[in-house]
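Since the structure comes first, as structure tokens, the remarks are kept for the end.
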Amino acid sequence: MSRIFNQKNVWGSQGQINPQRSDLWLVDFTQVIRGINTQIEKKEIVTSIQPLEPTVEPYYVSSVSMPVMRVKADEFRRDSKPYMMPGFDEALPEIRIVFVMEAPKTGNTSKVYRFLEVWRAFVRAGRGAMGNELTVGLGVRYTAPARFPVTITLLRGNANPKISAVSIDMSGVNQALAAVDAALRPMRLSQIAAEGGLVNKLDFALVENDLEDCAVFQVENMWLAGYKLSDLDYSKGNELVKIEATFFADNIRDLSQKQQTVKSVTVQLEP
């Protein structure tokens, strides 16, 4: 058995590289919603569908399964020996995203389910309804774009947190709250903050320690292929109902990549 001695573990060390955590990320569908709503509001398509809400918050997304970017390997022969060589590019496999389905307090429609339902109608534009579902008819241009870019952002901890210069005399605050009923203390605390000039709730955050963007990936020309609800089963207890959706796209691009231009230099040699 081989042994390695005196190897320094640089992961997470002071001033060294850090591993990317798999639970610090978010998915942004803003450009999808903007593209759909623009077509509805400008009446570029024929439909009775109402515009979507402006955002699908990242906390609705439970997990993302990324596809493999693969080049097909073909077998070629040199004399009598076979070799595997790169062939054609393979199409990007399906992207699987699992959403948490909410139980809305107002209305009977899940925000996520309606978002996927409307997106599916745009993917099927011009095909007619299946049953009594809402449909999208082609407009004067005979088109209804349904492929949009989606952004996946990886996050990391804040390397330079900011500390606010606001100071609070907690002894005086505690004395003011001592004679107040427990249920009314949040309201009284807000009044004390307003009297001290801390009107905005964000002013209570004395340390600004928000997460930072670490890497941003854009899924190009993404479109919805299908979705389904997770199993409804009494025997599973209080598990959450989720919506499992599958997508396809053209490519996944790292937006932090910068194309380097090579400058041509003319060198004149002396005779």
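Only the coordinates and a few stated rules stand behind these numbers; no lab work does. Since the model is a prediction, treat every value here as computed from it, not as a measurement. Cβ coordinates were reconstructed from backbone atoms using ideal geometry, including for glycine residues, and neighbour counts include every protein chain displayed.
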Taking 0.36 nm per residue of sequence separation and subtracting the Cα-Cα distance, how much length would be gained by fully extending the chain between residue 17 and residue 41, in nm to one decimal? 3.9 nm
Using the Karplus curve 6.51 cos²θ - 1.76 cosθ + 1.60 with θ = phi - 60°, what ³J(HN,Hα) values do you get for each residue of region 107-124, in whole Hz, with x for Gly and Pro? x, 10, 10, 6, 4, 5, 4, 5, 4, 5, 5, 5, 4, 5, 4, 6, 5, 8
Once Lys and Arg get +1 and Asp and Glu get -1 on their Cβ, which of 38, 112, 24 lies farthest toward the positive end of the dipole of region 6-164? 24
In nm, spacing of pseudo-spin labels at residue 250 and residue 48 (7 Å Cα→C-beta vector): 3.5
Ranked output for segments 77-90, 232-245 by mean other Cβ atoms within 10 Å, highest leading, reads 232-245, 77-90
May I ask you to sort 224, 255 by Cβ crowding, counting other Cβ atoms within 10 Å and putting the fewest first? 255, 224
Note the full-extension length gain between residue 209 and residue 159 as 0.36 nm times their separation in residues minus their Cα-Cα distance, in nm to one decimal. 17.1 nm
For a test of the definition: using alpha carbon positions, the gyration tensor, and the 1.5 limit on a/c, classify region 1-99 as rounded, prolate or oblate. oblate
List every residue whose amide H lies under 5 Å from the amide H of residue 63, counting only residues 5 or more places away in sequence or on a different chain, with H placed 1.01 Å from N in the peptide plane. 98
By how many nm would the segment from residue 108 to residue 83 grow when fully extended, if each residue of separation counts as 0.36 nm and the alpha-carbon distance is taken off? 3.0 nm
